[in-house]
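For reference, the structure discussed in these notes is given below.
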Amino acid sequence: MYHFESFTLDFYKELFQDTRLLIIVLNTLIVALLSALLATIIGVIGAIAIHRMRKRNKNTILGLNNVLIVSPDVIIGASFLILFTTAGLKLGFYSVLLSHIAFSIPIVVLMVLPKLSEMKPTLTDAARDLGASQWQVLTKVTLPFIAPGILAGFFMALTYSLDDFAVTFFVTGNGFSTLSVEIYSMARQGVSLTINALSAVLFLVTMLVVAAYYAVAGRKKIRVGGKK
């Protein structure tokens with residue numbers, strides 16, 4: 001903070017009057033939620049398919065899955081830029097969304113696979129013996145069992161998307177930006193204290209969401225304990 005004199009709400013007023021910055025925040029949230037949702041769906045399907053493979057094929061696919069995790073963000077961003085430019089895709093919302101989906105899928109796969117490994121084959125065998133179809137086994141047995149891994153994968157993908165700068169910097173076009181890229185562009189001329197106000201608001205919202213989650217989870221545990 002430069003030349004701090006006293007606490008004030010002036011920068012919060014400026015924040016809510018800055019339409020462009022609010023649109024950028026909205027863009028960031030939309031990309032994060034959509035990419036996390038789509039990456040979770042694709043990642044769960046991929047994890048189930050990998051879990052059912054033979055060991056040799058499984059190790060090969062897992063190695064390919066980990067490429068985007070171990071590769072530097074700058075290399076990934078430059079690669080996506082070359083890919084989209086070659087394919088003739090205009091840089092903007094869709095290029096950012098596709099990039100975020102791509103680097104989020106491996107994260108979801110790695111979150112879901114351990115839960116699939118914990119599930120005993122006897123659960124699905126018992127469901128089939130009772131006459132359940134493949135779809136019923138998936139929706140009534142497999143997905144409920146691995147639900148914690150799915151939720152963890154979704155929130156990890158959401159976090160990575162919100163936090164990403166390097167990849168997004170390469171694939172954003174004119175007229176579209178995310179919060180991380182906007183702050184970087186501001187840093188060259190000096191970051192306004194409205195960003196501090198925005199950070200405080202986002203931090204407060206995050207804490208409220210986490211508190212609400214633990215409150216709901218605590219109530220469920222109490223109900224389950226009461227039924228037992």
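Quick notes on this structure:
- Pair list, Cβ < 8 Å and 6+ apart or interchain, from the range 116-135 residues that are touching a residue at least 12 places away in the same chain (Cβ under 8 Å) to residues that are surrounded by 13 or more Cβ atoms within 10 Å (Cβ to Cβ) and small (G, A, S): L116/A47; L116/G149
- Test: residue in the range 54-70 that is in contact with a Leu (Cβ under 7 Å, 6 or more places away or on another chain), modelled with pLDDT under 90 and in the same structural domain as T168 (by TED's automatic domain parsing): no
Every residue, every condition in (1) at pLDDT 90 or above; (2) assigned to a loop (DSSP other than H, G, I, E, B), yes or no:
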| position | (1), (2) |
| --- | --- |
| A157 | yes, no |
| S161 | yes, no |
| G175 | no, yes |
| S185 | no, no |
| Q189 | no, yes |
| A197 | no, no |
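- Where a residue in the range 84-98 is under 14 Å from I30 (Cα atoms) and its partner, wherever it lies, is in a helix (DSSP H, G or I) and among the hydroxyl-bearing types (S, T, Y), with Cβ under 7 Å and at least six apart: V96/T168; L97/S35
- Within the range 163-173, if we keep just the residues that are part of a helix (DSSP H, G or I) and within 26 Å of F203 (Cβ to Cβ), the residue that is nearest to the chain's Cα centre (by Cα) turns out to be D163.
The values are calculated or read from the model by the stated rules, or taken from the named source; none is laboratory data. These numbers come from a predicted model, not from an experiment. With ideal geometry, Cβ positions are generated from the backbone for all residues, glycine too; neighbour counts draw on all protein chains shown.
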